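This report refers to the structure that appears directly beneath it.
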Amino acid sequence: MPAAISCVTLPVDDLQKSLGFYKGLGLSVEEQDDDHAAFNLDGVYLVLINRGDFGDYAESVGQRAAGKGTMSAILSYFAESRGEVDQVLAKAKGAGGSTTAPEDDEGVYSGYFTDPDGHTWEVLHDAG
């Protein structure tokens, strides 16, 4: 099996609100029904699923879903430039997310945004 991630699934409280947020980032929905929506991000799918259905899935594999307001992962986006970092953070803020001011740490320029369900994204450009 090649080392690759094919899909990231995020639990959401309000599918329509979350769809609005990710559409505000410029993403296009590829598939959608009442319970989930999927975005194709150059071959890796980002799936939003109602929190209850996500919890049912977690229980079916013997796990417990983390509650809203807890962090178990950071999603990262590697930008092509410092300007792109600023643009993505501005889009996230404009779509209703909370953001941090970007910082430069030894040639890595990065900032964070959080979507309406508390999922944290890192946006970074590594000049090295």
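Filtering region 55-72 to residues that are modelled with pLDDT under 85 and under 16 Å from L15 (Cβ atoms) leaves only K68.
Within region 39-54, residues that are over 16 Å from L15 (Cα atoms) sit with their Cβ atoms under 7 Å from residues that are among the acidic types (D, E) and in a strand (DSSP E or B), at 6+ positions apart or across chains, in these pairs: N40/E30.
Residues in region 22-44 that are surrounded by 12 or more Cβ atoms within 10 Å (Cβ to Cβ) and either in contact with a helix residue (DSSP H, G or I) (Cβ under 8 Å, 6 or more places away or on another chain) or on the phi > 0 side of the Ramachandran plot (or both): G24, L25, V29, Q32, D35, H36, A37, F39.
For first residues located in region 3-26 and among the β-branched types (V, I, T), partners that are surrounded by 11 or more Cβ atoms within 10 Å (Cβ to Cβ) and lie 6+ apart or on another chain with Cβ distances below 6 Å form the pairs I5/V44; V8/L46; T9/V47; T9/I49; V12/S18; V12/L48; V12/D117. Here region 41-64 is the region considered, the condition is being among the aliphatic types (A, V, I, L, M) and not in a loop (DSSP other than H, G, I, E, B), and the residue that is nearest to the chain's Cα centre (by Cα) is L46. V47 passes every criterion in (1) closer than 27 Å to A127 by Cα; (2) at pLDDT 95 or above; (3) surrounded by 10 or more Cβ atoms within 10 Å (Cβ to Cβ) apart from (1).
For E59, only one of the following conditions fails: (1) free of Cβ contacts under 8 Å to residues at least 12 places away in the same chain; (2) under 20 Å from G118 (Cα atoms). What is its number? Evaluating E59 over (1) free of Cβ contacts under 8 Å to residues at least 12 places away in the same chain; (2) under 20 Å from G118 (Cα atoms) leaves (2) as the failure.
The values are calculated or read from the model by the stated rules, or taken from the named source; none is laboratory data. None of the values given here were measured: they were computed from a predicted structure. Heads up, the Cβs are rebuilt from the backbone with ideal geometry, glycines too, and the neighbour counts pull from every protein chain shown.
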